[in-house]
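This report refers to the structure that appears directly beneath it.
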4 protein chains.
Amino acid sequence: MRAVVYKGPFEVAVENVLDPKLQHPNDAIVKITSSCICGSDLHMYEGRTAAQAGIVFGHENMGIIQEVGAAVKDRKVGDRVVMPFNVACGFCKNCLGGFTGFCITVNPGFAGGAYGYVAMGPYPGGQAEYLRVPFADFNCLLLPSGKQHEADYALLADIFPTGYHGAELAGVKPGESVVVFGAGPVGLMAAYSCLIRGAAEVYSVDHVKERLDKAAEIGAIPINYDEADPVQQIKDRRGGLGTDKGIDAVGYQATSAGSSAAGGEQDEVPNIVLNQLIETVAPTGALGIPGLYVPSDPGGVDENAKKGALSINFGRLFEKGLRLGTGQCNVKQYNAHLRDLITAGRPKPSFVVSHEIPLDDAPDAYVKFDKRVEGYTKVILNP
Amino acid sequence: MRAVVYKGPFEVAVENVLDPKLQHPNDAIVKITSSCICGSDLHMYEGRTAAQAGIVFGHENMGIIQEVGAAVKDRKVGDRVVMPFNVACGFCKNCLGGFTGFCITVNPGFAGGAYGYVAMGPYPGGQAEYLRVPFADFNCLLLPSGKQHEADYALLADIFPTGYHGAELAGVKPGESVVVFGAGPVGLMAAYSCLIRGAAEVYSVDHVKERLDKAAEIGAIPINYDEADPVQQIKDRRGGLGTDKGIDAVGYQATSAGSSAAGGEQDEVPNIVLNQLIETVAPTGALGIPGLYVPSDPGGVDENAKKGALSINFGRLFEKGLRLGTGQCNVKQYNAHLRDLITAGRPKPSFVVSHEIPLDDAPDAYVKFDKRVEGYTKVILNP
Amino acid sequence: MRAVVYKGPFEVAVENVLDPKLQHPNDAIVKITSSCICGSDLHMYEGRTAAQAGIVFGHENMGIIQEVGAAVKDRKVGDRVVMPFNVACGFCKNCLGGFTGFCITVNPGFAGGAYGYVAMGPYPGGQAEYLRVPFADFNCLLLPSGKQHEADYALLADIFPTGYHGAELAGVKPGESVVVFGAGPVGLMAAYSCLIRGAAEVYSVDHVKERLDKAAEIGAIPINYDEADPVQQIKDRRGGLGTDKGIDAVGYQATSAGSSAAGGEQDEVPNIVLNQLIETVAPTGALGIPGLYVPSDPGGVDENAKKGALSINFGRLFEKGLRLGTGQCNVKQYNAHLRDLITAGRPKPSFVVSHEIPLDDAPDAYVKFDKRVEGYTKVILNP
Amino acid sequence: MRAVVYKGPFEVAVENVLDPKLQHPNDAIVKITSSCICGSDLHMYEGRTAAQAGIVFGHENMGIIQEVGAAVKDRKVGDRVVMPFNVACGFCKNCLGGFTGFCITVNPGFAGGAYGYVAMGPYPGGQAEYLRVPFADFNCLLLPSGKQHEADYALLADIFPTGYHGAELAGVKPGESVVVFGAGPVGLMAAYSCLIRGAAEVYSVDHVKERLDKAAEIGAIPINYDEADPVQQIKDRRGGLGTDKGIDAVGYQATSAGSSAAGGEQDEVPNIVLNQLIETVAPTGALGIPGLYVPSDPGGVDENAKKGALSINFGRLFEKGLRLGTGQCNVKQYNAHLRDLITAGRPKPSFVVSHEIPLDDAPDAYVKFDKRVEGYTKVILNP
């Protein structure tokens, strides 16, 4: 079959690889209809991880079941399904607790597995014609048959639940005010999720005009951090008060104000968003942190950053009595409910999708997405 | 009346001061029967805060109501009561949410008030014969009349709820395993609270023999961090696994292994416990942090510490998907239930009390408690 | 001052009564700008309670603070405020737990107090020019000054929070399906609240066309129970499945299908909605029951109904593992957050208001509202 | 193999039946070491259900894995395991929500499956030498190897989690007061669980001396309902107040006071415990109802009871704002944590076990257990 193969830093190719086969009675083979390119694919693409050439990318996968193993009970050939980016067993201690992003069965020695991702287990990705799905009864979320809402449902694999996870980690409740740092795809999904949950005010902080415009379209209040200190901007609008909750949808590659606008190299300041969150959120508040932080970053800006150690204003955090939650999204905790919302016609998360293209155009899309040119924001491959 | 007055670094005196008076119709005056000296009083005593001479110490107060203001409805003269160290109004946004440690009414410009503490509002402490209590209906917890359980109930003002708060912030549930860093009074109360809540295994980490012995007495597993890396000791006992939850009952004056044993100056390492917690607790776990961290510490070990900025292994925290909660205890969330447990004869938190002495002996007790000599662990003054 | 006074069954009059005075240092006097007539006022109006002539009606009150007692701290003359229908102290055991509808201070011998309601304590109602509000700091919710959103905010006294309470008791979460029995003002507020909280599908069951039309307008799916068994109608639309959650916004005066359509006497069947809920909601679901059930109903349809004993299909409830929550709304748990939503311009609950009229027109409005003629659905009096 | 076979009302026999075989790749075969007789087995034994002759009894099963299917991943031959009485798949909507007692996969057309029980699916029981366990990775809880705590662990199949479920449904928290109706095995486990969770006061209501003695031994307060109205007894002890929470561990075969003491026929009053709970629990409280209620009871005392319709004091329930939860225990939500508590040596639930006997003695044990003679309270069969 054809698949997107990582060749080395800044290079992917669409090549012929072996078709996946059932390896276990609980496996299914899914014919891919949609597979998204994710911002986190770029970490590998840019050579900023330990990923080796040869890996097939793609952890946001959707399609039609082609074949099922002998033990699969509730999924059958022809079912339209979307898979969490997490590979999970459903019966280990962490899965039983709902923490399917931290399954201890599927990737021995580490808590958590994923498709097409370095160090996340032996699971080729789905930017390809077919995908092997382990524990198919657990991992294949059933969708209404047909073609409806294809792009909306495809986002159930990762970014819609991941944005929602931010709102959940922060415990966002109806009537609350929330600041969301980052208005990229995950940040927009986080802001959108806060509004779905009934938040009264959502502030989206970014410095890219297109992103801030999209935030405004869905009902968030855009805050451009290149214009002035975002903490102060928000407090000024709120009579001096902070927000009830905050979400970090940026992660460790955060940058200081004005950096990209200056047209030069970005100043990466890995702790800037965390410390701004601590300042923005009012005492007794909570922070949801779905934005990625890593324990080892060879490209980190200094020795501490290289090992994932950040200078946090912990005294201030404590003084305010803040709580925070972190970590990869446990997609399975949210995907069925979010599917039902999409099916009911309420949210349309696909507003973040900028391009839907054939599999063969993937190499070109990687180049442009990585450079954020031509409006490349969120790309879906349709094999 | 007689009261313990701060005179300057390492000096307190028992002096005559003006009797407190009703200042507001919701006030009550309480005749103190027990007032504890708290480890956090030593921060002021040691001159490590901005406290000015003249302040009357004492935020852990218990006694008999002597007089009530015209608006007090449900408390009356003769009631035996214990007061949370937090002064709180009961009707501001934070109090309504249960965050009485962050009341925005009682200490304008800051979230939170307390008796006898620098920067916590105009509320003289209770290491004295009498105490003025604002919002008496809200702040005076009624106790069974008589003399029973005096020392147990006195601990309801602060350390028993504060230890319990650690368990609550970490979400400790029946059957779980927990590590508690610190086996001083608050750490012991935290370990004790975990066991009351049904924890299966509690590890108490300290390096003072008497404290570890007390931890063992109440059913915790003592871990001496001078003997070996406490993270490894715990994982070795658990077949390589971390604990479900963790509590930091140490705070920013944490020290490295062996420091006190060497007989010399202690090596203060303000982030050591936080990073050890992150290593000890298993993925998907949670950390409760009642141990104090401050945004400004003139005596901090370096420039970052002086402003409360700590180097945290945030990449590791994120990779494990940990949650954490911080902040001063909201005593009122727990004190009635803990009172009922004491009344039922189940827990006896007074096992941590080392000395019950007259008010006039306070200066001597401060000296010894500060040096941790003669077994001074937790002192109750009985005016 | 002028006030709506109960004279006897089916008779109210606007009369001169004594102005309210401060009776306690924590009281405030509010000049009423809006006071709603509630469906529960009709229970008294119809003579179906023990209410004596002379009572001033009105528990849904809003206005401007005119005077405050000496102990009032945070509310001041000129503040625009809305009061929960519950009178509550803020410091008793139940208030501390958030159960302000069950305050044990304000109405000795009973858990719960209210304005202008039989057996709910000595608190004249607010269908008048002025109202005395006890524990003003606790009971007066501050509103933005001015005239904006007057009708929306007025509904914060009772029906918006009460509808929301139904959603909270049922634990309605984003993506869920919910059936709401009753599309009167409270039922519409319940359906609206479910949608604010992110429900995917809300079914509103009633048999009055205007109500079902309003339900459809806000995005609910109208189900007319006169047309066919509502349980079956909903299951048919859901492929045979029940809903995740259910809300009873009808209460003990429920009626059987077709009753009013037949133009004759309604057949009151007090347990019909409860048993239909049990059938409609899927196993593992939950029921929120804000609709009123009473322990003593002299007008009940039989001996059991007279003492509030209903025949419930408890075997079926158990087999399905259902949970349920009941009781008067604790308005204070929700009103600040709902206010913030209104202020942000998101929900406009005033869509249920049919009439805004002067105080003097109250007697006529009672007659018409009781008969449900001329579109009388929800009336606001503007003294 | 040898197995306990139902022959008809009041008759079981130990007979040779076919050995179970792997029927699905996810199955395991377990060699039974312990299988308990449950009070609910007596419903079938007494002919009070639709159970047909031939069924093999036994839903509380523990043993050693003898054989595993090709798809079983994490359980292996030789593992010591205990199985929830619920048969569950782990991936259906209800299982994902934690409601494994309401699995919709294993017993088509009904929510929930079990071993050896009428209408609960095609799963022979484990009062036999071997047992087939579907979805073995999900359903087999791993135990420490060896022989330790055999009787304690055996109770993890049903009654310890079921008692705990009562405490969970009622939301019992540290410091609360609880009434538990029934001090049979499940009632004692419920009282025990409340104490493990930190309850301050637990009242156990029964009228059998041996049961009340056991309740007292574990720290509960025994209330003999033959001596006086249990509601009044409890309120008298609590200064007129009700309890915070209540648990019904009796179910639909509840009896009125004095009935058995009179030596004659018991007066079955199926709603008596529910209505007593409503009276005993204070306003704002909650009821956990693990005691069985059925939608069809051919032996019911009247027409309503036969169809599971009970007269509930719903007006009173509402006035008090009570919440309640019902249904079969979802054993998997609790069994791992309770196992860890047993392993840590803290609770020893086997104090309720009266007899451990060979499989061949089962017929005699059924006779005696049904008559409650010779101290037969809880019987474990050791095949």
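The values are calculated or read from the model by the stated rules, or taken from the named source; none is laboratory data. Please read all numbers here as calculations on a predicted model, not as lab measurements. Every residue, glycine among them, receives a Cβ derived from its backbone with ideal geometry; neighbour counts consider all protein chains shown. Note: accessible area is taken over every heavy atom of the protein model, side chains too, but ligands, DNA and RNA are not part of it. Shrake-Rupley method; radii C 1.70, N 1.55, O 1.52, S 1.80 Å.
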Delta accessible area of at least 20 Å² on complex formation, residues of region A:295-317, 1.4 Å probe, chain isolated as reference:
A:P295, A:G308, A:A309, A:L310, A:S311, A:I312, A:N313, A:F314, A:G315
Under a crude label model (7 Å from the Cα following the beta-carbon direction), how far is A:L18 from C:Q23 in nanometres?
8.6 nm
Solvent-accessible surface (1.4 angstrom probe) belonging to C:C140, in square angstrom, nearest 10
0 Å²
Using the 7 Å Cα-to-Cβ label point, sort the distances from D:D360 to its equivalents in the other copies shortest first and give them in nm to one decimal.
7.8, 8.4, 10.0
Non-local residues with an amide H under 5 Å from the amide H of C:S204, with H modelled 1.01 Å from N and Pro and chain starts lacking one, are C:V180, C:I221, C:I223
Looking only at lysines whose Cα falls under 29 Å of B:K7's and that sit 8 or more positions away or on another chain, we get B:K21, B:K31, B:K306, B:K307, B:K368, B:K371, B:K378
Based on DSSP, what percent of beta bridges with both residues in region C:160-326 are antiparallel, to the nearest 5?
5 percent
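Starting from the Cα-Cα distance between D:D370 and D:S256, subtract it from 0.36 nm times their residue separation and give me the gain in nm to one decimal.
Working: separation 114, 0.36 × 114 = 41.04 nm, distance 1.93 nm.
Net length gain for the segment: 39.1 nm.
Using +1 on the beta carbon of Lys and Arg, -1 on that of Asp and Glu, and nothing else charged, what's the dipole of the protein assembly as shown about the Cα centre, debye to 20? List each step's numbers first, then the result.
On the way: 136 positive and 172 negative charges, 1 e Å.
Using Cβ point charges on Lys, Arg, Asp and Glu, the protein assembly as shown gives about 0 debye.
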Between region B:287-323 and region B:352-383, the Cα center-to-center distance that results, in Å
31 Å
Between the Cα axis of helix A:159-169 and the main Cα principal axis of chain A, the angle (0 to 90°, nearest 10) is 50 degrees
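Percent of alpha carbon pairs in chain C separated by more than 27 Å? Before the final figure, lay out each step's value.
Details: 34027 of 73153 pairs.
Value for chain C: 47 percent of Cα pairs lie more than 27 Å apart.
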Under a 5 Å amide H to amide H cut-off, with H placed in plane at 1.01 Å, what residues pair with C:V87 once short-range neighbours are removed?
C:G113, C:A114, C:Y115
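Show B:V186, A:V281 ordered by accessible area, largest first, where the area counts protein heavy atoms only and the probe is 1.4 Å. List each step's numbers first, then the result.
Working: B:V186 35, A:V281 0 Å².
Largest accessible area first, the residues go B:V186, A:V281.
Where the only charges are on Cβ atoms (+1 Lys, Arg; -1 Asp, Glu), what is the dipole of region C:160-326 about its Cα centre, to the nearest 20 debye?
Approximately 580 debye in magnitude.
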Could you name the lysines in cross-link range of A:K93, using Cα to Cα under 19 Å and dropping any fewer than eight places away on the same chain?
A:K332, B:K173, B:K235, B:K245, B:K320, D:K73, D:K76, D:K93, D:K332
Which one, B:R48, B:R339, B:R75, has the greatest fluctuation when you compute a Gaussian network model over chain B with C-alpha springs under 10 angstrom?
B:R48
Between D:N382 and the same site in the other copies, what are the distances in nm, shortest first, taking label points 7 Å from Cα along the C-beta direction?
5.5, 6.8, 8.4
Looking at the protein assembly as shown only, what percent of DSSP beta bridges run antiparallel? Nearest 5 please.
60 percent
Would you kindly calculate the mean projected area, averaged across all directions, of the convex hull enclosing the Cα atoms of the protein assembly as shown, in square nanometres?
52.5 nm²
Give the accessible area for B:F85 in Å² (nearest 10); use a 1.4 Å probe, count only protein heavy atoms, and leave out ligands, DNA and RNA.
20 Å²
Largest first and to the nearest Å, give the Cα extent of region C:265-383 along each principal axis.
50, 40, 23
Rounded tilt (10° steps) of D:362-371 against the dominant C-alpha axis of chain D:
10 degrees
Pull up all non-local amide H partners of C:T255: gap of 5 or more, or a different chain, and H-to-H distance under 5 Å with H placed in the peptide plane.
C:V269
Extension gain A:Q148-A:A53, at 0.36 nm per residue separation less the Cα-Cα distance, in nm?
30.6 nm
So what is the calculated 222 nm ellipticity per residue for chain D, using -39500 (n - 2.57) for each DSSP H run with n of 4 or more, over all residues, to the nearest 500 deg cm²/dmol?
-6500 deg cm²/dmol
Under 10 Å, Cα contacts only: if you run a Gaussian network model on chain C, which one of C:D226, C:D297, C:D74 comes out with the highest mean-square fluctuation?
C:D74
Of the candidates B:A136, B:A228, B:A111, which one comes out as most mobile in a Gaussian network treatment of chain B with C-alpha springs shorter than 10 Å?
B:A228
At a Förster distance of 35 Å, what's the computed FRET efficiency of B:D229 paired with A:K306, Cβ-Cβ distance as r, to 0.05?
0.95
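Starting from the Kirkwood Rh over alpha-carbon pairs, what translational D in µm² s⁻¹ does region D:160-326 have by Stokes-Einstein at 4 °C and 1.567 mPa s? Mind showing how you got there, number by number?
On the way: Rh = 15.6 Å.
Reported coefficient: 83 µm²/s.
Quote the FRET efficiency, to the nearest 0.05, computed for D:E217 versus D:D267 with a Förster distance R0 of 30 Å and r equal to the Cβ-Cβ distance.
Numbers: r = 29 Å, r/R0 = 0.97.
For D:E217 and D:D267, the calculated efficiency is 0.55.
Nearest 5 percent is fine: what portion of the DSSP beta bridges confined to chain B is antiparallel? Numbers along the way, then the final one.
Numbers: 32 of 57 bridges.
Antiparallel: roughly 55 percent of the beta bridges in chain B.
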Using a 1.4 Å probe on heavy atoms of the protein chains only, the accessible area for A:H24 in Å², nearest 10, reads 40 Å²
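Relative to the Cα centre, what is the charge dipole magnitude of region C:1-109, using +1 at the beta carbon of each Lys and Arg, -1 at the beta carbon of each Asp and Glu, and rounding to the nearest 20 debye?
Working: 10 positive and 10 negative charges, 54 e Å.
Roughly 260 debye for region C:1-109.
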